[in-house]
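To start, the structure under review is shown below, and the notes come after it.
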Amino acid sequence: MDIGEKLKQLRMTNGLTQSELADRAELSKGFISQVERNLTSPSIVTLVDILQCLGTDLKSFFSDVTDRQIVFKKKDFFCKEDTESGSLIEWIVPNAQKNAMEPIRLTLEPGGETLVDNPHEGEEFGYVLKGHITINLGSEKYSVRSGETFYYESNVMHNIVNAGTGKAVVLWISTPPTF
């Protein structure tokens, strides 16, 4: 592992100059430059301080993230069908609960609906791929048709109902993950 290069990339990802990082870590710009060029190695204590200024820790910094999956296929999806409510939820990015957002594909049979979700922190976005739905937000109702999108804060009770005569399919993304 190229520690200097990895630190430089992390610094740049955080939008910091060498001087800014040095100020935060109470080090000199020259020392940060030497570490990034692998001309010197920081002590463990100094490395911990630098990483803390970059919003991470030793474990995360040294973990291997090369096995991160980028493309997900149908076989990767996790599905939950509720025949009583007429809904099928497909987690199209497995283990998205650990990410900043959670995309799902929701299929509702005619008359089908999602469970009512209590108010919570976050926002929700959706794109109606097929059909016609009604979004219930507190006491308000919103009609959304195929090709249209919706976006709302999740701070009131809410759910989605299939308002059409055929299946409705929605790409639904929530942040933070709630499903």
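Sorting the segments 131-137, 10-16, 73-79 by their mean number of nearby beta carbons within 10 angstrom, highest to lowest, gives 131-137, 10-16, 73-79. Close Lys pairs in segment 1-129, defined as Cα atoms under 23 Å apart and 8 or more places apart or on different chains, number 10. Rolling a 1.4 Å probe over the protein heavy atoms gives the chain an accessible area of 61 Å² per residue. With a simple spin-label model that places each label point 7 Å from the Cα along the Cα-to-Cβ direction, the separation between Ser146 and Phe62 comes to 5.5 nm. Sorted from longest to shortest, the spans of the Cα atoms of the chain along the three principal axes equal 68, 36, 25 Å. In terms of the mean number of neighbouring beta-carbon atoms within 10 Å, the peptides 154-163, 119-128 order highest first as 154-163, 119-128. Using R0 = 35 Å, the C-beta based FRET efficiency linking Ser43 and Asp76 works out to 0.25. Computed in the context of the full set of protein chains, the accessible area of segment 73-179 at 1.4 Å probe radius has 54% of its extent on carbon or sulfur.
For segment 92-179, just say rounded, prolate or oblate: build the C-alpha gyration tensor, square-root its eigenvalues into a ≥ b ≥ c, call rounded for a/c under 1.5, and beyond that prolate if a/b exceeds b/c, oblate if not.
It comes out oblate by the Cα gyration axes.
The values are calculated or read from the model by the stated rules, or taken from the named source; none is laboratory data. Keep in mind that what you see is a predicted model, and the values were worked out from it rather than measured. Note that we place each Cβ from the backbone using ideal geometry, even for glycine, and neighbour counts take in every protein chain shown. Ligands, DNA and RNA are excluded from the accessible area calculation, which covers all protein heavy atoms including side chains. Shrake-Rupley method; radii C 1.70, N 1.55, O 1.52, S 1.80 Å.
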